[in-house]
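Beneath this line is the structure, given in structure tokens, with notes to follow.
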Amino acid sequence: MSPSASDPTKVLIADDQALVRRGFRMILEIEPDVDVVGEASDGQGAVTGARDLAADIVLMDVRMPGVDGIEATRQITADNRCRAKVIMLTTFDMDDYVYDALQAGASGFLLKDIQPEMLVAGVHAVHAGESLLAPTVTRRMIETFLDRRPPRGRVDDARLRSLTERERQTLELIARGLSNTEIAEAFVVSEATVKTHVGRVLTKLGVRDRVHAVIYAYEHGLNSA
């Protein structure tokens, strides 16, 4: 049975530092619409817990003993039995692991010293399928890391060809860092219509969320559109 909109967001906290886990748990447990279903002190525990506890969100430390956060994220997002989305916990906003984490399937990032209200808002945003970072920040971050990779021209991809003209335009605007509100203004349509377009883009491209739609666009040469 799929969860309803009224069900609490199930969160698993994965960090090798007990104080960090305890701190995040204390912040989240006071929220009536969040349920901390468990903790993990390493990546393997995060993978097992995400699946067995049916977590919606995993707060994942990048650096952990054994299986690190990036490999754990890769395993979680590749497991069809697991619905969890992963938010990486970092100590630096431009950590060298950011691009690897995105490629592994992470849906967003939080600094460990984030304000409590932003932690809660971030969990809800990712659970709802939104980008955790502001669109312009997401774009700048992804540009920085893709610029380090060999340049690629436009790539012929059946998924890209499956998009309608409006859906392709939507993808290009997402890649430029525009929010749904800004896209609605550009198209002179409602935000609800844009949300529908975005949902169809994600489905046709087979990507988990908006962040990965941006990566797809950049890797398929749409950043110059």
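The values are calculated or read from the model by the stated rules, or taken from the named source; none is laboratory data. This one's a predicted model, so the numbers in the text were calculated from it and none came from an experiment. No Cβ is skipped: glycine too gets one built from the backbone with ideal geometry, and neighbour counts run over all protein chains shown.
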Worksheet item: When you scan segment 110-225 for helices (runs of 4 or more DSSP H) that lie fully inside it, which ones turn up with 3 or more residues that are outside the structural domain of Asp100 (by TED's automatic domain parsing) and modelled with pLDDT under 80?
Response: 135-146, 210-219
Practice prompt. Answer with yes or no whether Val47 is over 19 Å from the mean Cα position of the chain (by Cα) and either more than 14 Å from Lys112 (Cβ to Cβ) or not assigned by TED's automatic domain parsing to the domain that holds Gly105 (or both).
Written response: no
Worksheet item: Just a yes or no: is a residue in segment 89-96 closer than 13 Å to Ala14 by Cα and assigned by TED's automatic domain parsing to the domain that holds Asp16?
Response: yes
Fill in: strands (runs of 3 or more DSSP E) wholly inside segment 1-90 that include at least 1 residues being free of Cβ contacts under 8 Å to residues at least 40 places away in the same chain
34-40, 85-90
